[in-house]
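Input: a single structure, listed below in structure tokens.
The values are calculated or read from the model by the stated rules, or taken from the named source; none is laboratory data. Every value quoted in this text rests on a predicted model; they were computed, and no experiment measured them. Using ideal geometry, Cβ is built from the backbone for each residue, glycine included, and neighbour counts are taken over all protein chains shown.
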Amino acid sequence: MHVLILGGTAEARRLAELLHGTPDLTVTSSLAGRVTAPRLPAGEVRVGGFGGAEGLLTWVRDHAADVIVDATHPFAGTIGFHAAEAAALAGIPLLALRRPGWTPVEGDRWHEVDSSAEAAASLPALGRRVFLTTGRTGLAAFAGLDGLWFLVRSVEAPEPPFPSAMEVLLDRGPFTLDGERELLRRHRVDVLVTKDSGGAATAPKLTAAREAGLPVVVVRRPPAPPDVPVVPDPHDAVRWIRAHQARGRCGPERFPPTPR
């Protein structure tokens, strides 16, 4: 059986590691190619886009993929919808592997919004020194906020346009709580902006902000394709794949959708 993992996340790498070397199983991990030096998963790897749902469908048919696991980032954009369309047309099962989102706890001062544009609009009323952790793309929404200073953390250098008053911190998680505390203190941050990426690797910034009493602007996750089964952990994905392998049949009817 051939498993296609749409990857780029820690969960995708862990899934590839768990499946690597399994008898009668071929695993291909697909990376979007947006990071110059990505962390490569175990097994076969392809890099680059497919060219939309039609291109993905062509790849699936040409390489005889039997199942697709969408383990991309929660903010990866349209790839989830392309995967759902391609899987339906190919008549093969699709699973979404998604880390759970964050939830506020007592003491948090969250301001939840639906877009970077809404996040930018909310900032002048919340602070002047912004810790921006939404990634290297999409900074155009904050470019017009000339009265604010931004500390932008990303894996690679951000793409313009971006804020005029900005310091860039190139770093990759996981991050520690002590490190996040020191970063907020050293840069005199008074508001944090983040996407609801979920997971433990970047969660310490939320704890540090809560301890400091800082407001946090949280961009909610975009809509995901409906009627696609979702699991939160790579081990759950392995069980799903092994069950499919044991049944020995392709087709979405073998794995009816579960409620999101």
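Brief remarks on what is shown
- Criterion applied to Gly55, Gly91 was being on the phi > 0 side of the Ramachandran plot, at pLDDT 95 or above and small (Gly, Ala, Ser), and the one residue passing it is Gly91.
- Filter result for Val113 (under 18 Å from the mean Cα position of the chain (by Cα) and on the phi < 0 side of the Ramachandran plot): yes
- Residue in region 69-79 that is of a type in the set (Ser, Thr, Tyr) and in contact with a Lys or Arg (Cβ under 6 Å, 6 or more places away or on another chain) present: no
- From the options Gly107, Gly179, Gly135, Gly127, residue that is of a type in the set (Gly, Ala, Ser), touching a strand residue (DSSP E or B) at 6+ places or on another chain (Cβ under 8 Å) and closer than 14 Å to Ala209 by Cβ: Gly127
- Residue satisfying condition, being assigned to a helix (DSSP H, G or I) and farther than 19 Å from Val155 by Cβ, within set Glu11, Glu17: Glu17
- Residue, surrounded by the most Cβ atoms within 10 Å (Cβ to Cβ), within region 47-93, restricted to residues that are in a loop (DSSP other than H, G, I, E, B) and among the aliphatic types (A, V, I, L, M): Ala71
- Condition check for Ile68 on (1) under 22 Å from Ala201 (Cα atoms); (2) modelled with pLDDT of 95 or more; (3) of a type outside the set (Ser, Thr, Tyr): one failure, at (1).
- Test: residue in region 52-63 that is among the β-branched types (Val, Ile, Thr) and closer than 30 Å to Val216 by Cα: no
- Any hit, region 95-108, residues being in contact with a Lys or Arg (Cβ under 8 Å, 6 or more places away or on another chain) and either outside any loop (DSSP other than H, G, I, E, B) or among the aliphatic types (A, V, I, L, M) (or both): yes
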